[in-house]
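Student: Please read through the structure below; I'll follow up with questions.
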Amino acid sequence: MPIAELHQNEKLFRLVIRNPNFWEKDGSNRPSSAVFKDSKGVSVDRKAGRSDDQCVDFLINRIPNHRAIVSITVHNCEQKEIFIEADPVEGANNQPANPYHMLLKKNKTTPSLTRSQARHLAQVCKIESLEK
Amino acid sequence: MNEVLNPYRLRPQSSSTSAYSGLLSDAAGVYCASIYNLNPSAIIKMSLLNTSSEHVTFHYLSEELTANLDRLNSFRGLKSGWNGYDAEPLSDKIIDKVIAVVSGLKYQPTIFPTGRASIQLEYHKGEDYLEFEIYEENVGMLMIVNGEETERDNIDISEISELINAFNANS
């Protein structure tokens, strides 16, 4: 999906698991940039008109062992030229459907973000939900 | 007689000094030692006289290093999808590689696994930041100093220690 169909302020949600711990020890109360490193692109769920609570619940219900839900915006991605690709999951073989699924990529052809891109997302992400 | 004992963590004598004392034991007997101004990140090789007046050599692992080694070893149990998404397990090869790196560092990092078969070592100093991302076959780096970013995709593993010491020394 071209970025033009996503508006600048639309939130993109990602889950942070509890174990192993991904929370920084520097007192910033933020996750490490390691949260935003995945070989196939960083999976996020777009808000797509839902409430923030609905987005959080959708993630929590699908993925156990969570520590936090964080969000970034489309604008945050554009600040570091991160490519956003629509990747809806149809649901099969016990995998639930996820029409909101997107991938954050270094660029159109390279899935893995740069370290600078990942660090930027970790610095700007908003903590939507945090478990103790 | 020289033998390597199991690593043992020494207890701080007081909160106001970096002096440590501890009891160390092995099958041969009990030893007592006091060490002052201990570098908290150091591996220290010490020789002591045991109760039989024999020299015994052992390795002391700092609390920080021990915690990092425990954390790295815990990564061996990570299974497919461990991050809630598509992360694959981390290989013993990469975990052992990072253990070898970390064991030789003067300053201990904060360590995180990633979902792209790498392990990340981080240092924070105010707004400044240093990160090494260690893969099986190469090492990448991100450094942010005074707002200026430097990212390198292929550094020699032998550079790591020097870069860390320089980053931590410039305070």
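Student: If Lys and Arg each add +1 and Asp and Glu each add -1, what is the summed charge of the other residues whose beta carbon sits under 10 Å from the beta carbon of A:ASN21?
Tutor: +3
Student: Taking a label point 7 Å from the Cα of B:SER74 along the Cα→Cβ vector, which residues of region A:14-33 have an amide N closer than 11 Å to it?
Tutor: A:18-23
Student: Using a 10 Å cut-off around each Cβ of peptide B:128-137, what is the average number of partner chain Cβ atoms that fall inside?
Tutor: That average works out to 2.
Student: Still on this structure: Decide, for region B:53-171, between rounded, prolate and oblate: order the square roots of the alpha carbon gyration tensor eigenvalues as a ≥ b ≥ c, take rounded if a/c falls under 1.5, and otherwise choose prolate if a/b is larger than b/c, else oblate.
Tutor: oblate
Student: Counting only other residues whose beta carbon sits under 9 Å from that of A:VAL74, what net charge do I get with K and R as +1, D and E as -1?
Tutor: 0
Student: Given an 8 Å cut-off on Cα distances and at least 6 residues of separation, report the relative contact order of chain A as a percent.
Tutor: Once divided by the residue count of chain A, the mean separation gives 35 percent.
Student: Per the Kirkwood treatment, what hydrodynamic radius in Å, one decimal, follows for region A:35-132 from the mean inverse distance over all distinct Cα pairs?
Tutor: Computed over region A:35-132, the radius equals 14.1 Å.
Student: Could you give the length gained by full extension between A:ASN94 and A:THR110, i.e. 0.36 nm per residue of separation minus their alpha carbon distance, to one decimal place?
Tutor: Gain on stretching A:ASN94 to A:THR110: 2.9 nm.
Student: Same structure, new question: Taking H placed 1.01 Å from N in the peptide plane, check which residues at least 5 places from B:LEU61 or on another chain put their amide H under 5 Å from its amide H.
Tutor: B:TYR8
Student: Can you give me the solvent accessible area of A:VAL42 with a 1.4 Å probe, rounded to the nearest 10 Å²?
Tutor: Its heavy atoms expose roughly 0 Å² to the probe.
Student: Which residue fluctuates the most in chain A, going by a Gaussian network model with Cα springs under 10 Å, if the choices are A:ARG14, A:ARG67, A:ARG50?
Tutor: Comparing A:ARG14, A:ARG67, A:ARG50 in the GNM, the peak value goes to A:ARG50.
Student: Now for a different question. Net charge within 12 Å of B:ILE111 by Cβ-Cβ distance, Lys/Arg positive one each and Asp/Glu negative one each, not counting B:ILE111 itself?
Tutor: It works out to a net charge of -4.
The values are calculated or read from the model by the stated rules, or taken from the named source; none is laboratory data. Remember, it's a predicted structure, so these values are computed and weren't measured experimentally. Neighbour counts are summed over all protein chains in view; Cβ atoms, including those assigned to glycine, are modelled from backbone coordinates with ideal geometry. SASA here: full protein model, heavy atoms, side chains in, ligands and nucleic acids out. Shrake-Rupley method; radii C 1.70, N 1.55, O 1.52, S 1.80 Å.
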